[in-house]
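Colleague: Pasting in a structure now, in structure tokens, and then I'll have a few things to ask.
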Ligand SMILES: Cc1ncc(COP(=O)(O)O)c(C=O)c1O
């Protein structure tokens with residue numbers, strides 16, 4: 001599929017060339033209300049971009065809702081593209097449970113190991129699990145091995161659901177003769193010109209050595225989440241009433257979010273974190289959790305503090 005062919009199809013069917021009147025007539029939806037920005041910039045073709053793991057806080061957009069909305073519109077004959085910006089969070093898909101189906105209950109972490117250096121592998125929150133699962137419905141996904149998979153920079157990835165889409169960003173240079181070869185060159189796909197091969201090999205090598213399942217990269221990233229949660233708990237509980245400073249982490253505590261929150265209730269929860277997490281080793285946290293009901297587990301609190 002050449003860029004020229006795509007252009008000719010878009011000219012025939014794209015709203016940019018057929019006009020809004022044709023759209024209103026086709027779907028019998030007019031007259032539509034239009035919002036225009038102050039700058040009067042507009043564009044017709046629409047794509048929704050879901051951030052799957054924001055750089056600063058690891059926040060995940062509700063991709064499952066976006067896909068549901070797209071499916072509803074598709075049933076009416078309208079659609080929009082969905083791109084998953086999983087540059088940062090994409091590798092967390094390795095934590096997805098084998099055979100997982102949406103709405104399945106996710107259990108709290110399994111304790112694998114013991115001893116001084118033991119780091120439990122945290123599970124994903126149920127809603128995050130579903131959003132990561134739904135990435136398979138996106139038409140394109142950004143995933144950067146140089147982020148959560150620890151491959152040296154620059155190892156960025158852009159994955160297309162339909163391999164033909166890469167032709168939209170194919171760049172060939174006449175001075176590089178490839179002769180009559182029928183072998184597909186991946187070196188021509190992408191908006192950059194020359195590209196290094198070392199990062200591609202590093203990515204392949206890491207993926208092959210570590211593995212892409214829940215017991216491979218998944219376990220590693222599960223430990224990362226646990227340790228981040230510990231740090232987050234540390235910050236939440238670090239300031240006490242007597243201190244001349246207050247630490248305000250971006251993620252509120254469950255006691256702050258619940259209706260009827262009072263400073264006393266928040267302080268009680270902070271103290272619980274000090275007693276159950278800050279003074280404890282990882283092994284103690286997991287062992288003491290065993291005798292607690294699900295909703296009272298320290299690890300359940302970790303989940304409430306996490307963004308992923
Ligand atoms: C969610 C997300 N998207 C895109 C990017 C851009 O990545 P890069 O600058 O490596 O291309 C980042 C970088 O931190 C990111 O976290």
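Values in this text are rule-based calculations from the coordinates and carry no lab data. This is a predicted model, so every value here is computed, not measured. All Cβ positions, even for glycine, are placed from backbone atoms using ideal geometry, and neighbour counts span all protein chains on display.
Colleague: Expressed in nm to one decimal, what extension gain is obtained for the pair residue 54 and residue 198 from 0.36 nm per residue of sequence separation less their Cα-Cα distance?
Modeller: Taking residue 54 through residue 198 to full extension adds about 49.2 nm, to one decimal.
Colleague: Next question. If I model a spin label as a point 7 Å beyond the Cα along the Cα-Cβ vector, how far apart are those points for residue 22 and residue 127 in nm?
Modeller: Label-label distance for residue 22 and residue 127, simple model: 4.1 nm.
Colleague: Okay, moving on. For residue 65 and residue 172, calculate 0.36 nm times their separation in residues minus their Cα-Cα distance, and state this gained length in nm to one decimal.
Modeller: Additional length available on full extension: 34.7 nm.
Colleague: Let me ask another. Using only the alpha carbons, work out the radius of gyration and Dmax of the stretch 217-305 in angstrom.
Modeller: According to the Cα coordinates of the stretch 217-305, Rg and Dmax are 13.5, 43 Å.
Colleague: Grab the Cα-Cα distance for residue 296 and residue 98, subtract it from 0.36 nm times how many residues apart they are, and report the gain in nm with one decimal.
Modeller: Details: separation 198, 0.36 × 198 = 71.28 nm, distance 2.74 nm.
Taking 0.36 nm per residue and subtracting the Cα distance, the gain is 68.5 nm.
Colleague: If you count, for each residue, the other Cβ atoms within 10 Å and average over each peptide, how do 81-90, 279-288 line up from highest to lowest? Don't skip to the answer; put the middle values down first.
Modeller: Numbers: 81-90: 22.5, 279-288: 15.8.
Taking the mean over residues of other Cβ atoms within 10 Å, the ranking is 81-90, 279-288.
Colleague: Any chance you could get the radius of gyration and Dmax over the Cα atoms of the chain, in Å?
Modeller: 24.4, 77
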